[in-house]
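Encoded as structure tokens, the structure appears first; notes follow it.
The values are calculated or read from the model by the stated rules, or taken from the named source; none is laboratory data. Predicted model only: the values in this text are computed from it and were never measured. Ideal geometry is used to build each Cβ from the backbone, glycine not excepted, and the neighbour counts take in all protein chains shown. With ligands, DNA and RNA removed, areas are computed over all heavy atoms of the protein, side chains included. Shrake-Rupley method; radii C 1.70, N 1.55, O 1.52, S 1.80 Å.
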Amino acid sequence: MTFFTDVADPIPFAGAGAPEGGLAYQVYDPNRLVLGKRMEEHLRIGVCYWHSFNWPGSDIFGIGTFDRPWLEAGVDPMAAARAKQDAAFEFFAKLGTPYFSFHDVDMSPEGETLKQSRANLDAMVERAAEKMAETGVELLWGTANLFSHPRYAAGAATNPDPEVFAHAAAQVRNMVDATHRLGGHNYVLWGGREGYETLLNTRMAQEADQLARFLTMVAEYKHEIGFTGTLLIEPKPQEPTKHQYDYDCSSVHGFLDRYDLLGEYKVNIEVNHATLGGHSFHHEVAYAMANNIFGSIDANRGDPQNGWDTDQFPNSVDEMSLALYEIVLGGGFDTGGFLFDTKLRRQSMDRTDLFHGHVGGIDTLARSLLVAESMINEGGIEAARDARYAGWGRDLGRDILEGSLDLATLADRAAKNNIDPAPRSGRQEHLENVVNRHVWSVS
Ligand code: XUL
Ligand code: CO
């Protein structure tokens with residue numbers, strides 16, 4: 001069955017000549033070479049199953065508004081899962097992007113027992129394998145939903161009840177197997193309810209030990225079955241919980257270090273989660289790059305006027321260019337990519353709205369990549385950074401970093417040479433103008 005009947009197959013690249021209001025890429029040209037690599041290989045775009053096909057357009061004040069026949073009441077759950085999968089793969093192929101991602105329950109219904117859930121998942125995964133072979137679409141990452149069912153209300157790995165921990169372990173084992181079976185490039189753990197609502201009923205140290213034990217078991221299992229994808233933790237500061245332990249890249253980094261898990265996990269950074277944490281997206285990417293934990297991106301953004309996860313399509317070239325600059329400069333993605341963990345607005349009820357959201361977001365990323373290329377080729381930002389830290393490459397700076405000076409010797413040397421360093425400009429406005437020059441001039 002075809003679902004997106006109004007859309008040509010696949011969406012073409014039309015450049016600046018793209019028809020007004022029509023569906024065509026204006027900037028995303030998969031084969032265009034950027035710094036010696038194809039645009040498609042730089043961006044590694046993926047579509048998520050969850051928000052695009054499994055969410056009806058509901059919010060806390062109202063029911064679903066979207067035209068998603070497989071979500072209607074009374075449809076046999078496995079028949080619904082098959083219809084949803086057909087529509088999803090039709091969409092991936094028509095959009096022309098290389099990857100997708102899913103949670104276990106997005107693709108297959110939960111059964112009465114864990115055994116039945118596993119059988120449902122296996123059946124849908126085998127069907128997905130056929131569709132992947134037909135379309136050439138690959139799995140960017142798989143993940144387990146450990147936050148929607150009431151049993152997870154008090155967390156999964158951090159739940160006060162070890163039986164909930166064990167149930168979560170069963171779900172994750174099934175989904176790591178499914179991801180491995182489908183040749184997935186990464187496996188994501190988003191700790192949706194691994195946090196607290198009130199400290200009055202919470203033992204933080206106990207919960208941290210539980211979470212670390214869970215993450216260790218997942219890493220051991222990955223090696224046991226020979227899964228070679230990257231394990232990713234997706235930081236988020238809060239929502240649905242008041243406080244989430246994987247608050248931001250730096251908290252995750254510290255946690256991994258504390259429990260000897262560095263090297264086993266990297267981060268999946270979501271734009272909206274970065275801003276909810278009081279950081280810029282640029283900051284989170286730069287932190288992960290600087291500390292060797294950069295893995296993948298969820299490209300959805302928030303709305304500056306409200307403080308929750310609106311999961312909107314990216315449309316700011318300014319914001320994305322800075323992140324892409326750091327990503328490309330740092331060597332680009334390894335197994336990660338740009339996943340659209342995006343939601344349409346509740347009023348976007350036409351089937352084609354899903355295409356408009358993705359096409360616009362992908363063009364935004366493509367244009368940001370061109371801005372990053374232009375900034376890297378010109379080299380102005382790196383030259384300014386080099387000049388700012390140049391002293392650390394000379395005698396005094398080297399001696400300090402090598403560790404050969406103690407505090408008193410350094411102090412004596414400073415006094416003997418009567419040093420009187422002059423403050424220097426950080427040149428922020430100049431650098432902002434440099435960035436804008438690239439944003440405004442690339443084509
Ligand atoms: C929730 C979120 C999830 C994760 C996967 O805010 O971003 O979609 O990406 O569980
Ligand atoms: Co996400």
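Quick notes
- Any chance ARG427 is of a type in the set (Lys, Arg), farther than 23 Å from GLY331 by Cα and surrounded by 13 or more Cβ atoms within 10 Å (Cβ to Cβ): yes
- Those helices (runs of 4 or more DSSP H) of the range 67-160 in which 2 or more residues are without any contact (Cβ under 8 Å) to a residue 12 or more places away in the chain occupy 114-135.
- Every test in (1) closer than 25 Å to LEU344 by Cβ; (2) under 17 Å from the mean Cα position of the chain (by Cα) is passed by HIS282 save one, and that test is (1).
- Selection from the range 317-345 of residues that are open to solvent by 40 Å² or more (accessible area, probe 1.4 Å) and more than 16 Å from ligand 2 (Cβ to nearest atom): ASP318, GLU319, LEU322, LEU329, GLY330, GLY331, ASP334, ARG345
- For HIS279, the test of being within 16 Å of ligand 2 (Cβ to nearest atom) and in contact with an Asp or Glu (Cβ under 9 Å, 6 or more places away or on another chain) is passed.
A quick yes/no check of all residues on (1) among the hydrophobic types (A, V, I, L, M, F, W, C); (2) farther than 30 Å from ILE327 by Cα; (3) away from ligand 2 (no atom under 16 Å from the Cβ):
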residue	(1), (2), (3)
PHE53	yes, no, no
PRO56	no, yes, yes
ASP59	no, yes, yes
THR65	no, yes, yes
TRP70	yes, yes, yes
GLY96	no, no, yes
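- Only residues that are at pLDDT 95 or above and open to solvent by 20 Å² or more (accessible area, probe 1.4 Å) were counted in the range 23-41, giving 13.
- Qualifying residue in the range 203-219 (condition: within 14 Å of the chain's Cα centre (by Cα) and in contact (Cβ under 8 Å) with a residue 12 or more places away in the chain): no
- If you filter the range 286-298 down to residues that are more than 16 Å from ligand 1 (Cβ to nearest atom) and of a type in the set (A, V, I, L, M), you find that the one that is surrounded by the fewest Cβ atoms within 10 Å (Cβ to Cβ) is ALA290.
- Residues satisfying the stated conditions in the range 220-273, i.e. under 30 Å from ASN315 (Cβ atoms) and aromatic (Phe, Trp, Tyr): TYR247
- Taken together, the residues in the range 256-272 that are touching a Gly at 6+ places or on another chain (Cβ under 9 Å) and within 11 Å of ligand 1 (Cβ to nearest atom) amount to 4.
- Residue tally, condition more than 20 Å from LEU232 (Cβ to Cβ), within 14 Å of ligand 1 (Cβ to nearest atom) and not in a loop (DSSP other than H, G, I, E, B), over the range 299-329: 1
- Only one of ALA144, ALA166, ALA178, ALA157 that is open to solvent by 30 Å² or more (accessible area, probe 1.4 Å) and among the hydrophobic types (A, V, I, L, M, F, W, C): ALA166
- When the criteria are applied in full, GLU220 fails the requirement of being closer than 21 Å to GLU270 by Cα and of a type in the set (Asp, Glu).
For (1) within 16 Å of ligand 2 (Cβ to nearest atom); (2) more than 28 Å from GLN210 (Cβ to Cβ), each residue gets a yes or a no:
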residue: GLY74; (1), (2): no, yes
residue: ALA79; (1), (2): no, yes
residue: LEU139; (1), (2): yes, yes
residue: THR143; (1), (2): yes, no
residue: LEU146; (1), (2): yes, no
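- Output for the range 27-84, where each listed residue is over 22 Å from the mean Cα position of the chain (by Cα) and small (Gly, Ala, Ser): GLY36, SER58, GLY62, GLY64, ALA73, GLY74, ALA79, ALA80, ALA81, ALA83
- Matching option when the condition is open to solvent by 60 Å² or more (accessible area, probe 1.4 Å) and within 30 Å of LEU23 (Cβ to Cβ), among SER368, SER374, SER443, SER404: SER443
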